[in-house]
Amino acid sequence: MGFTEDQIKKLNIHFKGIPPEEIISWAIQNAKRPVVTTNFRPYEVAILYAVTHVDVSVPVVWCDTGYNTPNTYKHAEELISSLQLNIKLYVPKQTTAHRDAVMGIPTIDDPRHKVFTEQVKLEPFKRAMEEHKPDVWFTNLRQGQTALRDSLDILSLSKDGVLKVSPFYHYSDTQLDAYLKDRNLPNEHKYFDPTKVLENRECGLHT
């Protein structure tokens, strides 16, 4: 699926205000190997519901850091069952217990934080992308989350040329709350990302 930056810019203008499911349908029709990624953080249920509502067979890549809260794991299991997610689980090569014994969770100013992030998030993600080789990558990126994400749009290209599709990009929390309520979808707010420290800090997957 090859698009020029100019084509993507025009499509983003066209797609603004279009229902997420319509954007997803368009992307799937034009895709050969679509995937959706998730970490089951707050509001992730929206993109998971929307994608599976269009095509339940789309692989759902879950890179589990091993540091999720009990609430998040229970939430994940609930959604895997209720939405019949085609889940593809990727975990770090080193166990959480082993890493806790030799490193723990380094602070942001600790030189080991970069190694930690590579181990628990970036390496599993790279492994997943190498195995699936997607041409379309559905995400729940939204405007206002980080400075980098403010520079993106509904459609954007990853550094590897994969078309990222973020159909809820222009949605506020209030709009997403309404979307979930209308569809009786559960949300989960007790989420922990050991690599980000600050909520508005980019995790590294989208840079």
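Tabulated values for the structure
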| item | result |
| --- | --- |
| Equivalent-ellipsoid semi-axes of the chain, from the Cα gyration tensor, Å, largest first | 27, 20, 17 |
| Amide H contacts under 5 Å for residue 164, placed H, 5+ residues apart | 137, 156, 157, 158 |
| Cα gyration tensor shape of the range 35-133, rounded if a/c is under 1.5, else prolate or oblate by comparing a/b with b/c | prolate |
| Computed over the range 1-69, Cα set: Rg, Dmax in Å | 14.0, 42 |
| Degrees separating the helix 70-82 axis from the principal Cα axis of the chain, which is the longest one | 40 |
| Nearest-10 value in Å² for the accessible area of residue 158, using the 1.4 Å probe | 20 |
| Inter-probe distance in nm under a simple model that places probes 7 Å from Cα toward Cβ, at residue 189 and residue 12 | 3.1 |
| Violating pairs (Cα-Cα greater than 31 angstrom) within the set 114/164; 10/32; 93/181; 93/196; 10/159; 93/190 | 93/181 |
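The values are calculated or read from the model by the stated rules, or taken from the named source; none is laboratory data. Small disclaimer: the values here were computed from a predicted structure and weren't measured. Cβ coordinates were reconstructed from backbone atoms using ideal geometry, including for glycine residues, and neighbour counts include every protein chain displayed. SASA here: full protein model, heavy atoms, side chains in, ligands and nucleic acids out. Shrake-Rupley method; radii C 1.70, N 1.55, O 1.52, S 1.80 Å.
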